Amino acid sequence: MRLVGSSELPAEVRSWIGQVRYEEETSFEIERGYIFTTCASVENGNPLFWDDEVARELTGGPIAPPSMLSVWFRPHHWTPAGREQRMPYQIHFDLKEALGLPEAVMTHNEIAFGAPVRPGDRLRARQSLASVSELKRTKLGSGRFWVLEVEYRNQRGELVAQESITGFGYRRDA
């Protein structure tokens, strides 16, 4: 079996490593309605998210569940401004296209949390590419592993979270 493409990483992709490729801001302020709806949908009854007195005592006020971090960056499918639709973790899709790897799976995700996300916050995310592996063959097919890094900050510049995501882009072997 022949491996996908050249074993050498294209210069364009090499130039992305260590560079911020995308910066984005939440399209709306963090709000309690989303928090309550998300907690209700998974039956999360933690009083930290429902009871202002508990939240004030434990965290100095209401916070969003840390597991909601990606929710704030999911764009609405339509806006009156007609903004172009973005993909979450856009670098991932850029790599699939640039490397000719039509399939992909995420194999690892690690998040370190900092300051809590609070109602009224606006968040910014900065996406960068940390690394791309040599060509590999797995049971899925032939392709490359890549590591994406995303830094999240609130409107005060406080670090909210740092995320590291490993994906494997591949082409199924014939």
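The values are calculated or read from the model by the stated rules, or taken from the named source; none is laboratory data. Just so it is clear, the structure is predicted and the values come from calculations on it, not from any experiment. Virtual Cβ from ideal backbone geometry, glycine too; neighbours counted across all protein chains shown.
A few comments on the model shown:
- Residue match in the stretch 133-141 (condition: crowded, with 17+ Cβ neighbours inside 10 Å, at pLDDT 95 or above and part of a strand (DSSP E or B)): no
- Some residue of the stretch 72-79 being over 21 Å from the mean Cα position of the chain (by Cα) and either β-branched (Val, Ile, Thr) or closer than 25 Å to residue 123 by Cα (or both): yes
- Identity of the residue in the stretch 1-60, assigned to a loop (DSSP other than H, G, I, E, B) and β-branched (Val, Ile, Thr), that ends up farthest from residue 77 (Cα to Cα): 4
- Residues satisfying the stated conditions in the stretch 157-174, i.e. in contact (Cβ under 8 Å) with a residue 40 or more places away in the chain and either touching a Phe, Trp or Tyr at 6+ places or on another chain (Cβ under 6 Å) or closer than 30 Å to residue 116 by Cβ (or both): 158, 159, 160, 161, 162, 163, 164, 165, 166, 167, 168
- Residues that are assigned to a loop (DSSP other than H, G, I, E, B) and surrounded by fewer than 18 Cβ atoms within 10 Å (Cβ to Cβ) within the stretch 96-106 comprise 100, 102, listed in sequence order.
- Scanning the stretch 78-95 turns up at least one residue that is surrounded by 15 or more Cβ atoms within 10 Å (Cβ to Cβ), touching a residue at least 24 places away in the same chain (Cβ under 8 Å) and of a type in the set (D, E, K, R).
- Of the listed requirements (1) polar (S, T, N, Q); (2) buried (at least 16 other Cβ atoms within 10 Å of the Cβ); (3) free of Cβ contacts under 8 Å to residues at least 12 places away in the same chain, residue 127 misses just one: (3).
- Contact map, the stretch 24-43: residues that are under 15 Å from residue 70 (Cβ atoms) and without any contact (Cβ under 8 Å) to a residue 60 or more places away in the chain paired with residues that are among the hydrophobic types (A, V, I, L, M, F, W, C) and surrounded by 13 or more Cβ atoms within 10 Å (Cβ to Cβ), Cβ distance under 6 Å, separation 6+ or inter-chain. Pairs shown: 38/68.
- Of all residues making up the stretch 61-92, the number that are part of a helix (DSSP H, G or I) and either farther than 25 Å from residue 168 by Cα or not small (Gly, Ala, Ser) (or both): 9
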